[in-house]
Amino acid sequence: AKHKGKSAFAHFAPEMTEVSHERLQMESRMRRALELEEFELYFQPIVHTDSGNLCSVEALLRWNNPSMGMVMPDRFIPLAEETGLIIPIGEWVLEEACKAAVSWKETAGRNIGISVNVSPRQFRDPGFTEAVMRALSASGLEADQLELEITERLILDNSIETAEILRQLDRSGIRLSVDDFGTGYSALSYLKSYPFDTLKIDKSFIQDVMKEPEDASLVRAIINMAHSLGLSVIAEGVEEEPQTHFLKQEGCDFCQGYFYSRPLPAKDFENWLKTNQR
Ligand code: C2E
Ligand code: CA
Ligand code: CA
Ligand code: CA
């Protein structure tokens, strides 16, 4: 740790001042990051479990900052949420993601759906649905090629407004998925009252699916439940081949994870696309 001079505050709570200084510095860097074009989308394939063929792609945000290097979302999304910066950043993500999907349609000659993560503050912003519609019309992407990933935690509170926004998005043809399913300690009743299309099983369940019989049972039960409610299922965090056999056997529709591909920058994804059969 650096020495902070002789103020009493620095003497008694050096860690605290350091943390808040770091935070403030990060916040001011983040405020300028959009205009300096420091954000970049990475793309991770989501494939059909049976064939391994590409189905859609999840957009994952990266922040390339000259002094901090590449900053991963877990390190800056929480601060972007707290400061409200997630709203303009989130709009940028939506626009870029939709544009990318349209460009692949042209280069690859096929429809590739795009999934975009939505954080709670962004979702509750009164301008959110409008921002989504703007991203669609500006890019020319069909609504049903866009999927919004909404965490189970977000769905839990604020239910009347949340339900209304979800219905509005659903009516416009956009697809909706429950992200991080199983981590929200929730009642499952929301699954039947909200218009979700897809359920993404959290990677913490997939990780030990070959080692822990309990995890295997849970994953099996989640797949069956989702199917009986008319939802498709994506398994997240698939890293090893045996997991793909298990998921195939259990009828899991789609897989995503390092086994197929890490999240890739646009250029690398386009190369990956060339080698992936239809
Ligand atoms: P998430 O939505 O659950 O995204 C999946 C995360 O799992 C990604 O981390 C991805 O790189 C990682 N992952 C993919 N396959 C594997 C695997 O096989 N094994 C393991 N161990 N991990 C895998 P990433 O990119 O660091 O993103 C972290 C989180 O940040 C995301 O979790 C999401 O909640 C959030 N995030 C990312 N991009 C955005 C964004 O544009 N907007 C918002 N609001 N949040 C975002
Ligand atoms: Ca996600
Ligand atoms: Ca729907
Ligand atoms: Ca997830």
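Assorted remarks:
- Trp104 being over 22 Å from Asp179 (Cα atoms) and among the aromatic types (Phe, Trp, Tyr): yes
- The number of residues in the range 68-121 that are within 26 Å of Leu156 (Cα to Cα), within 15 Å of ligand 2 (Cβ to nearest atom) and small (Gly, Ala, Ser) comes to 3.
- The strands (runs of 3 or more DSSP E) located wholly in the range 51-148 that include 3 or more residues which are within 16 Å of ligand 3 (Cβ to nearest atom) occupy 113-118.
- Positions within the range 122-171 being of a type in the set (S, T, N, Q), in contact with a Gly (Cβ under 6 Å, 6 or more places away or on another chain) and within 16 Å of ligand 2 (Cβ to nearest atom), in sequence order: Gln122
- Residue within the range 130-143 that is free of Cβ contacts under 8 Å to residues at least 60 places away in the same chain, buried (at least 18 other Cβ atoms within 10 Å of the Cβ) and at positive phi present: no
- Answer residue from the range 34-60, given it is among the aliphatic types (A, V, I, L, M) and in contact with a helix residue (DSSP H, G or I) (Cβ under 8 Å, 6 or more places away or on another chain) and is surrounded by the most Cβ atoms within 10 Å (Cβ to Cβ) among those: Val57
- Checklist (1) within 10 Å of ligand 1 (Cβ to nearest atom); (2) of a type outside the set (A, V, I, L, M); (3) touching a residue at least 60 places away in the same chain (Cβ under 8 Å) applied to Asp180, failing item: (3)
Just so you know, all these numbers are worked out from the coordinates, no wet-lab data involved. No experiment lies behind these values; they were computed from the predicted model shown. Cβ sites come from the backbone with ideal geometry, for glycine too, and all protein chains shown count toward neighbours.
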